[in-house]
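Down below is the structure, laid out as structure tokens.
The values are calculated or read from the model by the stated rules, or taken from the named source; none is laboratory data. Remember, it's a predicted structure, so these values are computed and weren't measured experimentally. Cβ placement follows ideal geometry from the backbone for every residue including glycine, while neighbour counts extend to all protein chains displayed.
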Amino acid sequence: MGASVRTVAIAATDGMLAFELALACEVFGSAPDAVQVPWYDMAICGTRAVQVGRFRLDPDQGLDRLAHAGTVIVPALADIDDVPADLVEAVRAAHHGGARVVSLCTGAFVLAAAGLLDGLRATTHWAHTGQLAARHPRVQVDPDVLYVDNATVLTSAGKAAALDLCLHLVRRDHGSAIANLVARRLVVPPHRAGGQAQYVTTPVPADDGHRLGELLPWILQRLDQPLTVENLARRASLSSRHLTRHFTAVTGTTPLQWLLTQRIRRAQELLETTGDSIDTIAAACGMGTATTLRRHFQRTVGVPPDTYRRTFRS
């Protein structure tokens, strides 16, 4: 990759939606006061003054700047039938030059038109997933996720899911502790529950009146203990079959997969914030042995625990 991923270019053209563009500027434009690491170098890029929602916006630099950025963000388009050709070309050139390209909501139509989503899993606003799939049949459109991370090409679902993806990028670049600080400043959850980091499924509803409202916090307090579906079903006063059905409805995944995800997240926190050995962390998050933790951690996060610690330990 050429430029640092922390060099961020946000594309701006006529017809983009203000919400997604504004939240990207909020996340990448300035760091929370408590953050002591170098933050992103952000620029808004466009060919001229553009109409964004009801506002006129003067970009900092031209679209040609995208080719020199490490991360290119394409906010949502109001009209998916009018995808600007100059933006498509600029995004394609940026990716070919090594940039990490990110779409928010219907910005996915720009990435698809540039050919960057061919053969990949991707998402967009639920109201437009059918159109994305029909228009670009080589794209594996998934309507049931908040975002999809394909390493150098990332897509989000609509509106608030764009913020989920922006926080995910901060987590990738700076670690969970700093992503949590950004989320706290924005008064949002740092990582909505459900699924693995690469394919986050339907979040737990904000209203905890659902059937698992008491069970999920109970599990999180006991990640170091051996837990089975039968244990959880008894705690929830459900059969194992009904528990699985409720878990799928509420979190978008199975009880054991959700439990594994929470254990990996706990391991990430301990790797970032403590000097505990891998064996100690494996026991604390319920993995049993360092070998088991390393296997699941590598498969889920993409790097071994030791490498993750060297990258994100403050």
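Miscellaneous remarks
- Residue that is surrounded by the most Cβ atoms within 10 Å (Cβ to Cβ), among those in region 253-306 that are more than 15 Å from T228 (Cα to Cα) and touching an Asp or Glu at 6+ places or on another chain (Cβ under 8 Å): I278
- Scope region 279-296; condition in contact (Cβ under 8 Å) with a residue 12 or more places away in the chain and in a loop (DSSP other than H, G, I, E, B); matching residues: C285, G286, M287
- Matching entry among A34, A49 (being more than 28 Å from D144 (Cβ to Cβ), touching a strand residue (DSSP E or B) at 6+ places or on another chain (Cβ under 7 Å) and surrounded by fewer than 14 Cβ atoms within 10 Å (Cβ to Cβ)): A49
- Checked against the criteria, A67 counts as part of a helix (DSSP H, G or I), free of Cβ contacts under 8 Å to residues at least 60 places away in the same chain and out of contact with any Ser or Thr (no Cβ under 9 Å at 6 or more places or on another chain).
- Single condition R309 does not satisfy, out of (1) under 30 Å from A34 (Cβ atoms); (2) in contact (Cβ under 8 Å) with a residue 60 or more places away in the chain; (3) part of a helix (DSSP H, G or I); (4) touching a helix residue (DSSP H, G or I) at 6+ places or on another chain (Cβ under 6 Å): (2)
- Counted residues, region 117-130 - those being under 15 Å from A76 (Cα atoms) and surrounded by fewer than 18 Cβ atoms within 10 Å (Cβ to Cβ): 2
- Test result for F247, among the aromatic types (F, W, Y), surrounded by 14 or more Cβ atoms within 10 Å (Cβ to Cβ), over 21 Å from D149 (Cα atoms) and touching a residue at least 12 places away in the same chain (Cβ under 8 Å): yes
- Qualifying residue in region 253-271 (condition: closer than 20 Å to R211 by Cα and either assigned by TED's automatic domain parsing to the domain that holds V35 or not in a helix (DSSP H, G or I) (or both)): yes
- Some residue of region 77-84 being free of Cβ contacts under 8 Å to residues at least 40 places away in the same chain, under 12 Å from T13 (Cα atoms) and of a type outside the set (D, E): yes
- Residue match in region 215-232 (condition: in contact with a strand residue (DSSP E or B) (Cβ under 8 Å, 6 or more places away or on another chain) and either under 27 Å from L169 (Cα atoms) or outside any helix (DSSP H, G or I) (or both)): no
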